[in-house]
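J.: Below you will find the structure I want to go over with you.
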Amino acid sequence: MIFDSHAHYDDEQFDEDREKVISELKENGIIGVLNCGASLQGARNSVRLSEKYDFFYAAVGLHPEFADKVDEKVINELKELSKNNKVRAIGEIGLDYYYEENPPREVQKKAFIRQMELAKELNLPVVIHDRDAHGDTLEIMRSFPEVKGVVHCFSGSVEFAKECLKLGYYIGFTGVVTFKNAKKAVEVASEVPLDRILVETDCPYMAPVPNRGKRNRSEYIEYVIEKIADIKSILPINVSEQTIQNAKDLLKI
Ligand code: NI
C-alpha cells in the first residue's frame with residue numbers, strides 16, 4: 001500500500017484520462033494522495049479533486065514559478081480554500097533558482113515568506129519546493145520555527161537534510177532516488193531515519209526507473225519504496241507502512 005505525498009493529477013497531462021487513472025489508483029493499493037497546487041487554478045483544482053475522491057487531500061499554494069502572482073487577493077483566496085476540511089497543507093511553496101525565467105529571487109522570497117505566514121496563521125504544515133536555493137530556503141524555514149512540513153523531491157546534501165530534520169521537517173523522495181546518477185539522494189535516504197521519510201510521485205514528472213521518462217503515476221512509487229528498502233537493508237513492507245504512517249501524522253489523517 002502507498003500514500004503519495006505529492007502529486008499533480010490536476011496537470012493537463014491527465015486531461016484525457018484523469019477519472020480512469022484515479023479509479024485505477026484505488027484498485028492498485030493507493031490509499032492516499034496529497035494533490036498539490038502549483039498555480040492558483042491548480043490549488044482550486046486540487047480542492048475539487050479532494051472533494052470528488054475520498055482518498056484525495058489537497059495542498060493549496062503557489063509554486064515559486066508563480067511567485068509574482070502572490071498578492072493579498074491570492075492569499076485571501078488560499079485562506080478561503082483552506083476552510084475545506086480536505087485541505088491539509090499549504091504548498092507547494094518555496095524557492096527555485098534553477099530556471100532563469102522564474103521571477104527574481106527577492107520576489108520568490110517574499111511570496112514564500114507570505115505563504116509561510118499563512119501556514120503559521122492557519123496551523124497547517126507546508127510542502128516546500130527547493131531547487132538550487134538550499135541556503136535561502138533554510139533561512140526562511142528557520143525564521144518560522146512553529147511551522148513544520150516536508151521538503152519535497154529533496155535535492156540537497158546530507159548536511160542540509162539534517163538541518164531540515166532538526167527543524168521537524170520530513171524529507172520527500174521521488175523517482176530521482178532510483179536514477180543511476182542519484183548518488184546524493186541515495187546518501188540522504190541512507191542517513192534520514194525511516195520515521196522522517198515521505199514517498200511521492202510529483203506526477204506527471206519524475207517517474208522512477210524502470211519507467212523513467214514516462215508519465216508518472218502513484219503506483220510507480222513501488223520502485224521508490226523498493227529502492228529505499230534496499231538502501232536501508234529492510235523490507236519494502238516496512239518502508240510502505242512507515243511512510244503511510246508518516247504522511248497521516250503530518251496531514252492529521
Ligand atoms: Ni510538485
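The values are calculated or read from the model by the stated rules, or taken from the named source; none is laboratory data. Predicted model only: the values in this text are computed from it and were never measured. Cβ placement follows ideal geometry from the backbone for every residue including glycine, while neighbour counts extend to all protein chains displayed. The protein model used for the area step is the full one, side chains on, heavy atoms only, and it has no ligands, DNA or RNA in it. Shrake-Rupley method; radii C 1.70, N 1.55, O 1.52, S 1.80 Å.
J.: Return the only residue of Asn84, Asn76 being open to solvent by 20 Å² or more (accessible area, probe 1.4 Å) and in contact (Cβ under 8 Å) with a residue 24 or more places away in the chain. Quick ask: steps written out before the conclusion?
T.: Values: Asn76 fails: in contact (Cβ under 8 Å) with a residue 24 or more places away in the chain.
Testing whether each residue is open to solvent by 20 Å² or more (accessible area, probe 1.4 Å) and in contact (Cβ under 8 Å) with a residue 24 or more places away in the chain leaves just Asn84.
J.: Having 3 or more residues that are more than 30 Å from Ser240 (Cβ to Cβ) and at pLDDT below 95 is the bar; report the strands (runs of 3 or more DSSP E) wholly within segment 1-103 that clear it. Reasoning before the result, please.
T.: On the way: elements: 2-7, 30-36, 56-60, 87-96.
Output list is empty.
J.: Please work out which one of (1) in contact with a helix residue (DSSP H, G or I) (Cβ under 8 Å, 6 or more places away or on another chain); (2) within 17 Å of Thr201 (Cβ to Cβ); (3) surrounded by fewer than 18 Cβ atoms within 10 Å (Cβ to Cβ) is the condition Lys26 fails and give its number.
T.: (1)
J.: Among the residues of segment 59-87, count how many are touching a Pro at 6+ places or on another chain (Cβ under 6 Å) and among the hydrophobic types (A, V, I, L, M, F, W, C).
T.: Our first condition is that a residue be touching a Pro at 6+ places or on another chain (Cβ under 6 Å); within segment 59-87, this holds for 67-68.
Then drop every residue that is not among the hydrophobic types (A, V, I, L, M, F, W, C), which leaves 67.
Selection size over segment 59-87: 1.
J.: Another question, if that's okay. Checking Val188 against (1) among the hydrophobic types (A, V, I, L, M, F, W, C); (2) away from the ligand (no atom under 16 Å from the Cβ); (3) at positive phi, which test does it fail?
T.: Going through (1) among the hydrophobic types (A, V, I, L, M, F, W, C); (2) away from the ligand (no atom under 16 Å from the Cβ); (3) at positive phi one by one, Val188 breaks only (3).
J.: Taking only pairs six or more apart or across chains, which ones have beta-carbon atoms under 6 Å, a first residue in segment 29-54 that is within 15 Å of Ala89 (Cα to Cα) and away from the ligand (no atom under 13 Å from the Cβ), and a second residue that is open to solvent by 10 Å² or more (accessible area, probe 1.4 Å) and of a type in the set (Asp, Glu)?
T.: Correct list of pairs: Asn45/Asp10.
J.: Go through (1) surrounded by fewer than 22 Cβ atoms within 10 Å (Cβ to Cβ); (2) in contact with a strand residue (DSSP E or B) (Cβ under 9 Å, 6 or more places away or on another chain); (3) not in a helix (DSSP H, G or I) and name the single condition Lys109 misses.
T.: So the condition that Lys109 fails would be (3).
J.: Out of Arg48, Arg88, I need the residue that is closer than 19 Å to Val199 by Cα and among the charged types (D, E, K, R). Which one?
T.: On the way: Arg48 fails: closer than 19 Å to Val199 by Cα.
Going through Arg48, Arg88 in turn, just one is closer than 19 Å to Val199 by Cα and among the charged types (D, E, K, R): Arg88.
J.: Is it true that some residue in segment 221-240 is touching a residue at least 24 places away in the same chain (Cβ under 8 Å), within 16 Å of the ligand (Cβ to nearest atom) and either aromatic (Phe, Trp, Tyr) or under 17 Å from Cys164 (Cβ atoms) (or both)?
T.: At the first step, the residues of segment 221-240 found to be touching a residue at least 24 places away in the same chain (Cβ under 8 Å) are 221-225, 227-228, 231-232, 234, 238-240.
When the remaining residues are screened for being within 16 Å of the ligand (Cβ to nearest atom), the result is 221, 224.
From what's left, either aromatic (Phe, Trp, Tyr) or under 17 Å from Cys164 (Cβ atoms) (or both): none.
Within segment 221-240, not a single residue is touching a residue at least 24 places away in the same chain (Cβ under 8 Å), within 16 Å of the ligand (Cβ to nearest atom) and either aromatic (Phe, Trp, Tyr) or under 17 Å from Cys164 (Cβ atoms) (or both).
J.: Give just the number: which of (1) more than 15 Å from the ligand (Cβ to nearest atom); (2) under 15 Å from Glu219 (Cα atoms); (3) touching a Leu at 6+ places or on another chain (Cβ under 7 Å) does Val21 not satisfy?
T.: (3)
J.: Quick check on segment 154-169. Is at least one of its residues touching a residue at least 60 places away in the same chain (Cβ under 8 Å) and either over 17 Å from Val126 (Cα atoms) or within 16 Å of the ligand (Cβ to nearest atom) (or both)? Let's see the steps before the verdict.
T.: Initial filter on segment 154-169 (touching a residue at least 60 places away in the same chain (Cβ under 8 Å)): none.
Within segment 154-169 (the criterion being touching a residue at least 60 places away in the same chain (Cβ under 8 Å) and either over 17 Å from Val126 (Cα atoms) or within 16 Å of the ligand (Cβ to nearest atom) (or both)), the answer is no, since none of the residues qualifies.
J.: Condition check: without any contact (Cβ under 8 Å) to a residue 60 or more places away in the chain, surrounded by fewer than 15 Cβ atoms within 10 Å (Cβ to Cβ) and within 16 Å of the ligand (Cβ to nearest atom). Does Asp132 satisfy that? I'd like the intermediate steps shown before the answer.
T.: Details: without any contact (Cβ under 8 Å) to a residue 60 or more places away in the chain: yes; surrounded by fewer than 15 Cβ atoms within 10 Å (Cβ to Cβ): yes; within 16 Å of the ligand (Cβ to nearest atom): yes.
So Asp132 passes the test.
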